[in-house]
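So the structure is just underneath, and the comments pick up after that.
The values are calculated or read from the model by the stated rules, or taken from the named source; none is laboratory data. The structure displayed is predicted, hence computed values, not measured ones. Here the Cβ is made from the backbone with ideal geometry for all residues, glycine too, and neighbour counts use every protein chain on show. Heavy atoms of the whole protein, side chains included, go into the accessibility calculation; ligands, DNA and RNA do not. Shrake-Rupley method; radii C 1.70, N 1.55, O 1.52, S 1.80 Å.
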Amino acid sequence: MRTSTSEKLRALIDAEARRAGFEAVAVTRPDAIPLAPARLAEFVSDGFHGSMEWIAKTLERRAEPSTLWPEVRSIIVLAMNYGPDRDPRDVLAKPDRGAISVYAQNRDYHDVMKGRLKEIAGKIVARAGGDVKVFVDTAPVMEKPLAEAAGLGWQGKHTNLVSRAHGSWLFLGTIFTTAELEPDKAEIDHCGSCRACLDVCPTDAFPAPYRLDARRCISYLTIENKGPIPHEFREKIGNRIYGCDDCLTACPWNKFASAASEVKLAARDDLREPPLSELLALDEAGFRSFFSGSPIKRIGHDRFIRNVLIAAGNSSDASLTPIVRRLLHDGSPLVRGAAIWALSRLLSDREFGDLAATASKTETDAAVREEWLAALAVKAD
Ligand code: B12
């Protein structure tokens, strides 16, 4: 039997994907996610996207691949394993350390994956001609429903893609092509009656299975949210200083996952459980150099120190008090506000009252003054 051109192209894609370190690759069609537009619209109309206005602004293009790029005929979805080599929950029991989510413990996966996707895309054009576009995360593409339609896994109750072979630890990327490829079969839901990911969420971010209110998700609160962290979540955040893996880690399908074999996606040792004291000491330049090449760099120094201060406030570690006190004089109101909250938790009522009596007088920023008042009110309770 003769092998068709499309089968040969598919064999090339599979081989190149494997060579580039992707654990799984599958193909779907641009019209394969008919439920996504309404679900995305509901997510936005419920306000679940919070301050991620870019989701609302790109609604039509995001929900329908053909609106994003009318020429697209096939979508190749690729997945890279970033499975941790130890239990990410261990660090949660060490309050003087910061918990950084597994995906952020090494090089920015956007950089790692984009280069490799471009290489594969180049091979496709060389073989089949036509045009290609590659996307990882940042483009208005709904990677999870596309991955489910291609059969790489299913969207679990925590909304992320779960695979029977790799559990919840997969990064996704797509190659859009004008080439006609035979689509793979969609995967079906294997969550059953399990609720582990929903019940473990520290901030109750799932109003229902398969639905996430990002405004309550620690990942959103510590990464996307630019302002002060709302009071109701501060204690619940514990020592999670960048992202959160609780729902992913709870997934029973992880028992089939392996640790990432690629050196490039294995954790950086100094980001596994960094001491809060060292992170609080990072100035702007120190932050940029420590997090060079890391996704954490994208949130900037002030937002990051805000997060570390919340963890400091939850640490009961009095040895952090001097450095937190210094941050009361930081140039950023975001940092000063979080430092006030941390001190209100680290100092006794009397010590905090004495400090407030002097330090709050010189504060000119309205939001930071609010932090003083809120902290004093809690102390007076
Ligand atoms: C915005 C965003 C976020 C936001 C919002 C997350 C969210 N769930 O929407 C925040 C900042 C919170 C976030 C957090 C994280 N993210 Co994020 N994020 C994205 C991004 C850029 C867009 C996702 C999106 O379109 N959201 C909009 C909602 C409406 O879409 P949805 O989640 O697919 O929602 C579906 C369900 O609600 C479902 N649905 C609704 N009702 C019903 C009912 C039933 C019965 C069913 C079956 C389904 C269903 O239909 C919707 C449409 O498919 C993608 C990259 C991309 N371009 O796709 C990465 C992405 C989803 N993130 C990723 C990761 C790794 C994370 C974190 C694990 C990082 C961390 N450790 O902190 C957390 C996980 C938190 C979580 N439980 O989702 C990976 C996930 C990989 C995977 N295996 O799925 C992605 C794909 C990036 C990548 N390229 O690898 N993220």
Note on the chain: contact order normalised by length, alpha-carbon pairs under 8 Å, 6 or more apart, percent, works out to 19
Dividing the alpha-carbon radius of gyration of region 275-381 by 2.2 N^0.38 Å, where N counts its residues, gives 1.06
For the chain, percent of DSSP beta bridges that are antiparallel (nearest 5) comes out at 90
For the chain, the Cα-Cα pair-distance distribution in 20 Å bins from 0, as whole percents, is 27, 52, 19, 2, 0
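Enter the accessible area per residue of region 214-272 (Å², integer; probe 1.4 Å; all protein chains in place).
So region 214-272 comes to 45 Å² accessible per residue, rounded to a whole number.
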Taking Cα atoms only, helix 109-128 is inclined relative to the longest principal axis of the chain by an angle, in degrees rounded to 10, of 10
Semi-axes of region 80-183 from the Cα gyration tensor (sqrt of 5 times each eigenvalue, largest first, whole Å) come to 31, 16, 11
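Using the reciprocal of the averaged 1/r over all distinct C-alpha pairs, how large is the Kirkwood radius of region 17-126 in Å?
So the Kirkwood estimate lands at 17.4 Å.
Quick check: with the 1.4 Å probe, what order do His110, His329 take by accessible area, largest first?
Reading off the accessible areas and sorting them downward yields His329, His110.
Around Leu40, with a cut-off of 15 angstrom between Cβ atoms, what is the net charge of the other residues, counting Lys and Arg +1 and Asp and Glu -1?
-2
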Under the 7 Å Cα-to-Cβ spin-label approximation, Ser193 and Ser45 lie apart by a distance in nanometres of 3.3
Computed about the Cα centre, the charge dipole of region 275-381 from +1 Lys/Arg and -1 Asp/Glu charges at the Cβ has a magnitude in debye, to the nearest 20, of 240
With a 1.4 angstrom probe the carbon and sulfur portion of accessible area for region 1-131, in percent, totals 50
So, relative contact order of region 275-381 in percent, Cα under 8 Å, 6 or more apart, is 23
Nearest 10, in degrees from 0 to 90: the angle of helix 5-19 to the longest Cα principal axis of the chain is 30
Relative to the chain, whose Cα atoms define the longest principal axis, helix 300-313 and its Cα axis are tilted in degrees, nearest 10, by 60
